[in-house]
1. Let me spell it out: the conditions are (1) aromatic (Phe, Trp, Tyr); (2) open to solvent by less than 40 Å² (accessible area, probe 1.4 Å); (3) assigned to a strand (DSSP E or B), and TYR484 meets all of them except one. Which number is the exception?
2. Given the conditions (1) within 19 Å of ILE258 (Cα to Cα); (2) within 15 Å of ligand 1 (Cβ to nearest atom); (3) not basic (Lys, Arg), which single one is not true for LEU204?
3. I'd like to check something: does the range 132-142 contain any residue that is within 16 Å of ligand 1 (Cβ to nearest atom), open to solvent by 10 Å² or more (accessible area, probe 1.4 Å) and of a type outside the set (Val, Ile, Thr)?
4. Among the numbered criteria (1) within 23 Å of ASN486 (Cα to Cα); (2) not assigned by TED's automatic domain parsing to the domain that holds LEU477, which one does HIS328 miss?
5. Looking for something within 16 Å of ligand 1 (Cβ to nearest atom) and modelled with pLDDT under 95 - is there at least one such residue anywhere in the range 224-244?
6. Give SER445, SER398 a once-over and let me know the one that is under 26 Å from the mean Cα position of the chain (by Cα) and of a type in the set (S, T, N, Q).
7. Of the residues ASP203, ASP250, ASP246, which single one is away from ligand 2 (no atom under 16 Å from the Cβ), within 22 Å of the chain's Cα centre (by Cα) and free of Cβ contacts under 8 Å to residues at least 40 places away in the same chain?
8. Being over 17 Å from VAL198 (Cα atoms) and part of a loop (DSSP other than H, G, I, E, B) is the filter; apply it to the range 234-256 and report the residue that is most open to solvent (accessible area, probe 1.4 Å).
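The values are calculated or read from the model by the stated rules, or taken from the named source; none is laboratory data. These figures come from a predicted structure and were not determined experimentally. FYI the Cβ positions are ideal-geometry reconstructions off the backbone, even for glycines, and counts take in every protein chain you see. These accessible areas exclude ligands, DNA and RNA; they are computed on the full protein's heavy atoms, side chains included. Shrake-Rupley method; radii C 1.70, N 1.55, O 1.52, S 1.80 Å.
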Amino acid sequence: MKVDVFDTTLRDGEQTPGVSLTVEEKVEIAKQLARLNVDVIEAGFPVASPGEFEAVRRIAETVTGPVIAALARAVEGDIRKAGEALSNAERSRIHTFIATSPVHMKYKLRKSPEEVKKLAVKAVELASQLADEVEFSAEDATRSDPDFLVEVYEAVIDAGATVINVPDTVGYTTPEEFYGLIKHLKKNLSLRGVKISVHCHDDLGLAVANSLSAVRAGAEQVEVTVNGIGERAGNAALEEVVVALDTRRDFYKAETGINLSEIARTSRLVAHLTGIEVPPNKAVVGANAFAHESGIHQDGVLKERTTYEIIDPKRLGFSGSRIVLGKHSGRHAFREKLRELGYELSEEELDRAFARFKEIADRKKSLTELDIEALLYELEEPTYRVEMVHVTATKGLSTAAVKVLDGGERVEVSHSFNGPVDALFSAINRVLGIDARLVEYRVSSVGSGRDALGEVLVRVEKDGKVLVGRGLSTDILEASAQAYLNAVTR
Ligand code: KIV
Ligand code: ZN
């Protein structure tokens, strides 16, 4: 059986507290999801804001391969906006939803079950005029009356729904119970080719187990996010569901169309752009997922990998420390390497990427695949560029001088007893004449070695908003300054 992978990293995943992606970042993730070969990309919730609308519109216009979906409440305005944002998609899907559980209907919607059913039908009828496919979700399905669910799903199928989704909105169900619910729906609905989908949240840590259990019961679509990000405890993790189905094909007898070798890169890109790090012990994509600490295990793996490894990390794209280019590599070799890694850049993007490559290769003799991937994350031309950073620290007093290019040149100096990073960020505040406060500061290295690229992430509070910025350089102070500047000018 083929199971469709519906990725909602850009919609439910973006609802992760502290995450806010720009339109360009969303497009970049969507392109990577297409390389991963997901079946559906839920690009956003167009009515939520002009930025959301624009992101869905741009993804629909530029990303081909997967179906592009947009979320809409069962409300006319939402559905029309979703249809408009999707109008240029190769294949479009409106995903409309309304809650069906007693608690949601009574307190949130203040509507009777009969009214909810009517609104669901009306929404699906309208959506089917505006998109190629229509998905209907009964929000909080796992706390709804199963017989009422049958009634609503049957009505929306008659109205034109092509997929019916069963969300475990609050992560309440268990694998055994969910299996029973999917079986109940399959038995009592006249599906007529309509697919059953599941959407599981992880409040009890059961999202992946519940999704897999639903597949066993016959669900043909799973809704997931990369790295399991999402509201509260997150959603079912794409990589865990997909790799479990692949590793245990013997048991589930189901397969996805996912290009497994893109899993590592997709996980890194999403972690990088959202700023939500992957915990080291996370299944499939955590830094320790394939590390063997015990001597007995190491010995076993050396003798035969499968003694302690049930997944081959190479199949998921975990390599990348190989040196691939150096400072003498030309534009042609650079372009060929990008192609080999699966990136097709426009001429203009290639120019910017190649210039950035030369800048880094001047300082770092040899670049690995991971370095190249990291420099591609930073292709967007910053509004302001850090031209020079000079920092000294003597007996507790740090002094930072920074030169910023913003069309002209501006230089400021600042002192701090809190250390060089504080002095540096104060100098930037002075250059821009702003009052911003550092909320989070993280430095990590891309690959290893003393000349490794330093990647800096900052979250900065400015005018009541928390803004994220990133910087990349072999010099971590320069990367820090650029990250801070990118955040405050976002
Ligand atoms: O969790 C949920 O119920 C949702 C729906 C919109 C599908 O995200
Ligand atoms: Zn959800």
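1. Result: TYR484 fails condition (3) only.
2. Among (1) within 19 Å of ILE258 (Cα to Cα); (2) within 15 Å of ligand 1 (Cβ to nearest atom); (3) not basic (Lys, Arg), the lone unmet condition for LEU204 is (1).
3. yes
4. It fails just one condition, (1).
5. yes
6. Just a single option satisfies the conditions, and that option is SER445.
7. ASP246
8. Per the stated criteria, the residue is LYS253.
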